[in-house]
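See below for the structure under consideration.
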Amino acid sequence: MKTISKRILLGVSGGIAAYKSAQLARLLYRQGADVRVVMTISATRFVTPLTFQALTGHPVHTTLLDEHQENAMGHINLARWADLLLVAPATANVLAKFSQGLADDLLSTLYLAAECPVFVAPAMNQAMWAKPATRENLQRLKNHGVTVLGPEQGEQACGETGPGRMLEPETICRLLFPSANGAPLQGKKVLITAGPTREPLDPVRYISNRSSGKMGYALANVAAKFGAEVTLISGPVALPAPAGIKVLSVETAQQMYDAVLAQAHRHDIYIGAAAVADYSPAAVEKEKIKKHADELLLPLQKTRDILAAVAALPDKPYTVGFAAETEDLALHAQKKLQRKNLDMIAANWVGRESGGFDSDRNALSVFWQGGHCQLEMADKRVIAEQLLDLIAERINAKSTA
Ligand code: C5P
């Protein structure tokens, strides 16, 4: 396992999930990170500072105006020291304070003073999570560059069920440092599709879509970095061919189907990141279609579903699909997971906020049989690392089950 040579400031605020942060501090410490803990006063009612001191080997900071601690390392110095600020659990109150720039205790002051990347792992009752004030605070924080990890769905300490449960310490660790596991796809063969397809109407025109191929190319690059042997089947894109990766260029959905089906059985993982045309012109005119009538109707026929065909193979690779949705994202994604017999599906909103098609950033809701994880808006490279790490984890869970 690769070690994390980072100075991590772990902020613990007052929620019941604070007990999980003791495990988180230990995990980060074990992986080689230098961890200093800052607790809010209410967090100290759930877990004692001594617990964190014993786990990290350093005194815990709790107050803004502590003469001893000011002498040793004032809050500005502490903020300067950190390579990364992680707040877990982040209560609704802490998120509200951060989003408004309040600085009435050590943790909120550190947040304002910090110039390093900031991650928050929210934990709260599902109704508090759903409240417009919390949604707005989160959106503000995301706009300010904060990365939000989780929360996940499930049973809550208050007895209710829904979103708001803090991610497990292992998941937070993995999302923060996807490559800390070295090469989690070493020895695996990964087949990835990327980009749009082009469906010709005549010698000069085609039907296509806005896919840039950036997500699929990021996945191919990261899969190679994770130790996999990668084959990328790409529709027409304006991206440089990734170094050290076998790229097969195709144009139409049928060509992509043929290329994928010829390769799939040789691979352990298939990721269908391409935006394959669902319909193509029933006939391709040999000559350029002339401009005569006021209205032109084009008969289209359904293309073959590549993803479903791979998932139906007798010895199918671990099959991951993408779903671009404009409504009821979770419902449609989960239905698609079942209908196409996939192992995992990564769904994103299109036509809403930034991200998705033709953007450098993306956010994904990932579903697999019996599990779900939210990958918050980030650079597509970061999203690719997190998604491939989840895939590696699921494959390893499968092989050890
Ligand atoms: O059903 P829908 O088109 O929304 O599913 C999207 C997923 O299916 C993507 O992973 C895409 O690559 C794949 N797909 C495919 N072949 C098609 C259409 C979509 O592999 N003809």
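Please treat every number below as a calculation from the coordinates, not as lab data. As the structure is a computational prediction, the values presented were derived from the model and not from experiment. All Cβ positions, even for glycine, are placed from backbone atoms using ideal geometry, and neighbour counts span all protein chains on display.
In plain terms, the chain from Glu155 to Glu287 could stretch by 41.3 nm, reckoned as 0.36 nm per residue minus the Cα-Cα distance.
Largest first, the extents of the alpha carbon coordinates of region 306-394 on the three principal axes equal 38, 27, 24 Å. Residues Val284, Val146 in ascending order of nearby Cβ atoms (within 10 Å, fewest first): Val284, Val146.
Between the helical axis of 380-400 and the longest alpha-carbon principal axis of the chain there is an angle of about 90 degrees. Which of Arg135, Arg165, Arg174 moves most in a GNM of the chain, Cα contacts under 10 Å? Greatest mean-square fluctuation among the candidates belongs to Arg135. Counting only Cα atoms, region 275-318 measures 51, 19, 15 Å along its principal axes, largest extent leading.
Pick from Ala282, Ala308, Ala273 the residue whose mean-square fluctuation is largest in a GNM of the chain, springs joining Cα atoms under 10 Å. The residue that fluctuates most here is Ala282. The aspartates and glutamates within cross-link reach of Lys214, meaning a Cα-to-Cα straight distance under 15 Å and a gap of 8 or more places when in the same chain, are Asp358, Asp360, Asp379, Glu385. Applying 1/(1 + (r/R0)^6) with R0 = 41 Å to the Cβ-Cβ distance of Leu50 and Gln369, what FRET efficiency is obtained, to the nearest 0.05? With a Förster radius of 41 Å, E is 0.50.
Under the simplified labelling scheme, the Glu327-Asn396 pair shows an inter-label distance of 4.1 nm, with each label point 7 Å from Cα along Cα→Cβ.
Ordered by the number of other Cβ atoms lying within 10 Å of each residue's own Cβ, fewest first, Ile271, Ile383, Ile245, Ile207 fall into the sequence Ile207, Ile245, Ile383, Ile271.
Magnitude of the charge dipole for the chain, about its Cα centre and with charges confined to Cβ atoms of Lys, Arg (+1) and Asp, Glu (-1), is about 660 debye.
Here the average projected area of the convex hull drawn through the C-alpha atoms of the chain stands at 22.6 nm². Over region 6-176, what portion of Cα pair distances is larger than 27 Å, expressed as a whole percent? Value for region 6-176 (Cα pairs over 27 Å): 17 percent.
Picking from Gly216, Gly370, Val350, whose Cα lies most toward the positive end of the charge dipole for the chain (charges on Cβ: Lys, Arg +1; Asp, Glu -1)? Value: Gly216.
Over the residues of the chain, the helix contribution to mean residue ellipticity at 222 nm works out to -10000 deg cm²/dmol, using -39500 (n - 2.57) for each DSSP H run of at least 4. If you run the Gaussian network model on the chain, springs between alpha carbon atoms under 10 Å, then out of Asn137, Asn125, Asn77 the most flexible one is Asn77. The relative contact order of the chain, computed from alpha carbon pairs under 8 Å that lie at least 6 residues apart in sequence, is 12 percent. By the count of other C-beta atoms within 10 Å, a proxy for reagent exposure, Glu285, Glu251, Glu155 are ordered fewest to most as Glu155, Glu285, Glu251. Here the Karplus curve 6.51 cos²θ - 1.76 cosθ + 1.60, taken at θ = phi - 60°, turns the phi angles of region 87-100 into couplings of 10, 8, x, 9, 6, 4, 5, 5, 4, 5, 5, 4, 5, 9 Hz, with x standing for Gly and Pro.
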